[in-house]
1. How do VAL60, VAL23 rank when sorted from fewest to most other Cβ atoms within 10 Å of their own Cβ?
2. Order by neighbour count: ILE64, ILE26, ILE37, fewest other Cβ atoms within 10 Å first, most last.
3. Calculate one ³J(HN,Hα) per residue across the range 23-40 by plugging θ = phi - 60° into the Karplus curve 6.51 cos²θ - 1.76 cosθ + 1.60, and present them in order as whole Hz with x for glycine and proline.
4. If you add up the charges near GLY54, with Lys and Arg at +1 and Asp and Glu at -1, over every other residue whose beta carbon is less than 12 angstrom from its beta carbon, what do you get?
5. Pulled fully out, how much extra length does the chain show between ARG12 and ASP52, if you take 0.36 nm times their separation in residues and subtract their Cα-Cα distance?
Amino acid sequence: MAVFGNVFFETRVEQLFDLARLVETIFAAAGVEYRVIGGLAVYLYVEDVDPDAGRLTRDVDIVIRRQDLEKASSPSRDAHACADGRPIGAASGAPGFCR
């Protein structure tokens with residue numbers, strides 16, 4: 001029996017997870033606690049409950065404590081920035097930050 005997959009969807013999910021790993025790396029190095037919120041958080045919850053109901057999001061929304069803004073902004077300046085959802089100074093498809 002043939003098994004079909006959605007390569008586009010799987011690629012986008014991997015790109016989002018790459019971006020989430022980049023956030024984790026940067027914030028962990030800076031000692032900043034954060035929480036994933038928004039579409040990716042919902043996707044992860046829904047994926048556990050009903051894997052066929054997951055919907056793709058285009059970004060990773062995070063929240064940090066206000067007192068950690070300065071700690072978080074310094075290391076993230078060295079990471080890729082993006083405008084209009086497109087990475088700047090990074091290879092096409094590379095994860096980046098939108099501010």
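No value in this document is a laboratory result; all are computed from the given coordinates. Since the structure is predicted, the reported quantities are computational estimates derived from the model, not experimental observations. Glycine also receives a Cβ, built like all others from the backbone with ideal geometry; neighbour counts cover every protein chain displayed.
1. VAL23, VAL60
2. Numbers: ILE64 16, ILE26 19, ILE37 12.
Ascending Cβ contact count within 10 Å gives the list ILE37, ILE64, ILE26.
3. 4, 4, 4, 5, 6, 5, 5, 8, x, 9, 7, 8, 10, 7, 10, x, x, 5
4. Counting the neighbours of GLY54, the net charge comes to -3.
5. 12.8 nm
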